[in-house]
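The values are calculated or read from the model by the stated rules, or taken from the named source; none is laboratory data. In this text the structure is predicted, and so the values were computed from the model without any measurement. All Cβ positions, even for glycine, are placed from backbone atoms using ideal geometry, and neighbour counts span all protein chains on display.
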Amino acid sequence: MLEIKNLHARIAEDGTEIIRGLNLTVKAGEVAAIMGPNGSGKSTLSYILAGRDDYEVTEGDILYNGESILELDPSERAAKGIFLAFQYPVEIPGVATMQFLKVAMNEQRKARGEDELTTPDFIKRVKDAAATLQIDPAMLRRPLNVGFSGGEKKRAEILQMKLLAPQLCVLDETDSGLDIDALKIVSGGVNALRSPDRAIIVITHYQRLLEYIVPDSVHVLHRGQVIKSGDKDLARVLEAEGYTGIVEAAA
């Protein structure tokens, strides 16, 4: 589903290169974990996949279902089924969460040539999805992410993902700021989306998230490159031994 070939990318504003020849393949049905020390390029990779214009790709390609997405803007990538859950979800004052969800869902449907949802159908879908994530209906009437706790913000993101049903889900440090109860709920929401025709990329520092969202593959990023790949046991090795040995071996 996703093939990244010799990707090089830099910060658009000052030209600092962050991604330096990254290669990665993620198949449909796969959950791939991206791990690595601070500054290795994990979040930058997620932003580039989503199409943020803060970064400039200087070499290589990103193929999604066999098609290069480098020339697509963020809305076009979203319409094709790419979803990014942010580490720090943005607050949008003045826009009710329900209003945001309705616009997002109908824009996706419009891009696919489908009819807009009727109000009763939309409300039912949101209520059913929110119940699985233990989201208080009152929260959905508040402005998006405004005054939300860390756990509420992450649940709201997983709710969006559940309702939009993207093909490629990129989760940038979704476990950041979550207590153990919220972590279990959010992980359960992600696991419910596992599907043979969907790929999920989980970016995290810690193995604890991967106890709940068990990956099929683990990839270690360092200085903008994948320096080691393995199965779920690699995450346990990293938790026990840290990154130093793997980084030194790859030097």
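Would you confirm, using the coordinates I've provided, whether Thr97 is at pLDDT below 90 and touching a helix residue (DSSP H, G or I) at 6+ places or on another chain (Cβ under 7 Å)? Break it down stepwise before answering.
Values: at pLDDT below 90: no; touching a helix residue (DSSP H, G or I) at 6+ places or on another chain (Cβ under 7 Å): yes.
Answer is no for this residue.
Would you please name the residue that is surrounded by the fewest Cβ atoms within 10 Å (Cβ to Cβ), looking only at residues in segment 131-170 that are of a type in the set (Gly, Ala, Ser) and part of a helix (DSSP H, G or I)? First the steps, then the outcome.
Taking segment 131-170 as the starting set, the residues that turn out to be of a type in the set (Gly, Ala, Ser) are 131, 138, 147, 149-151, 156, 165.
If we keep only those that are part of a helix (DSSP H, G or I) as well, we get 131, 138, 150-151, 156.
On the way: Ala131: 10, Ala138: 7, Gly150: 14, Gly151: 17, Ala156: 24.
Among residues in segment 131-170 that are of a type in the set (Gly, Ala, Ser) and part of a helix (DSSP H, G or I), the one surrounded by the fewest Cβ atoms within 10 Å (Cβ to Cβ) is Ala138.
So is Lys232 more than 16 Å from the chain's Cα centre (by Cα), more than 22 Å from Leu63 (Cα to Cα) and basic (Lys, Arg) or not? Full working, then the answer.
Numbers: more than 16 Å from the chain's Cα centre (by Cα): yes; more than 22 Å from Leu63 (Cα to Cα): yes; basic (Lys, Arg): yes.
Yes, satisfied.
When segment 63-89 is examined, which residues are found to be part of a strand (DSSP E or B) and under 22 Å from Leu193 (Cβ atoms)? Show your work before the answer.
Residues of segment 63-89 that are part of a strand (DSSP E or B), as a first pass: 63-64, 67-68, 82-85.
Passing the criteria: Tyr64, Ile82, Phe83, Leu84, Ala85.
Quick check: anything in segment 221-234 crowded, with 22+ Cβ neighbours inside 10 Å, touching a residue at least 12 places away in the same chain (Cβ under 8 Å) and of a type in the set (S, T, N, Q)?
Checked segment 221-234: no residue is crowded, with 22+ Cβ neighbours inside 10 Å, touching a residue at least 12 places away in the same chain (Cβ under 8 Å) and of a type in the set (S, T, N, Q).
Being within 24 Å of Ala240 (Cβ to Cβ), hydrophobic (A, V, I, L, M, F, W, C) and in contact (Cβ under 8 Å) with a residue 12 or more places away in the chain narrows it down to one of Leu164, Leu159, Leu171, so name that one. Show your work before the answer.
Values: Leu164 fails: within 24 Å of Ala240 (Cβ to Cβ); Leu159 fails: within 24 Å of Ala240 (Cβ to Cβ).
Checking each option against the conditions leaves just Leu171.
When Lys184 is evaluated against the numbered criteria (1) in contact (Cβ under 8 Å) with a residue 40 or more places away in the chain; (2) touching a Phe, Trp or Tyr at 6+ places or on another chain (Cβ under 7 Å); (3) among the basic types (Lys, Arg), which criterion, by number, is the only one it fails?
Single failed check for Lys184: (1).
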